1. Collect residues whose amide H, placed 1.01 Å from N in the peptide plane, falls under 5 Å from the amide H of residue 10; neighbours closer than 5 in sequence don't count.
2. How much length is gained on full extension from residue 20 to residue 39, taking 0.36 nm per residue of separation minus their Cα-Cα distance?
3. Testing the spin-label approximation: label points 7 Å from Cα along Cα→Cβ at residue 110 and residue 48. State their distance in nm.
4. Residue by residue, what Karplus-based ³J(HN,Hα) values in Hz, rounded to whole numbers, does region 111-116 have, using 6.51, -1.76 and 1.60 with θ = phi - 60° and x for Gly and Pro?
5. Using a Förster distance of 25 angstrom, determine the FRET efficiency expected from the C-beta separation of residue 100 and residue 75, and round it to 0.05.
6. Is any residue of region 87-102 close enough, with backbone N under 17 Å, to a label point placed 7 angstrom from the Cα of residue 67 along the Cα-Cβ axis, and if so, which?
Amino acid sequence: MSQAATGGCLCGDVRFVVNAPLGEIIICHCSLCRGWSGSAYGAESPVRREGLELVEEKGLAWHVDRNERNRGFCRSCGSGLFWSGEGDDEMIYVQAGALDEPTGLRIQGHMMVASKADWEDLSAAPPLYAADWDGPLFDAGQIYYVCIVRAQDLRHAGGRNSR
């Protein structure tokens, strides 16, 4: 990594700089990472702890999960940001979604796939959409409910991608 990476939470109450090489992204399908991310998996990039510098931490809070991992998140907006193992003074894992783009990172691999969510099918790729979802999200007979949030709406609301 030739240049420092930056990142933070959605609201800006936690911002950080990574001044050390970030490892390629690891996708973890265990139940703890799924719960932490609120999604099918956690996506994280390992970095040496001394390479992570907090430049804004007023919203930073920590939680110890049932496997003794320390999980850092923003208490203001709820964004998951980091985790580290109990007693691991060398490495911390940065949530890939908290990194500002471009990252230059790639997915190294998937782990804990035996623990994946029962609704996730890793053998078949669902349809890919370049922008907004353009199909029905819920079919109740003839009634379709569609929720579309466009990038321009996020910019007007002052969201993270409004830069």
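Since every read-out is calculated from the coordinates, none of them should be taken as a lab result. All figures in this text were calculated on a predicted structure; none of them were measured in a lab. Quick reminder, even Gly has a Cβ in these numbers, built from the backbone with ideal geometry, and neighbours come from all protein chains shown.
1. Residues meeting the criterion, in which the H sits 1.01 Å from N, are 79.
2. 4.1 nm
3. Taking the two extended label points, one gets 3.3 nm.
4. Listing the rounded values in order: 10, 6, 5, 5, 9, 4 Hz.
5. The value I calculate is 0.75.
6. Correct set: 87-89, 91-96.
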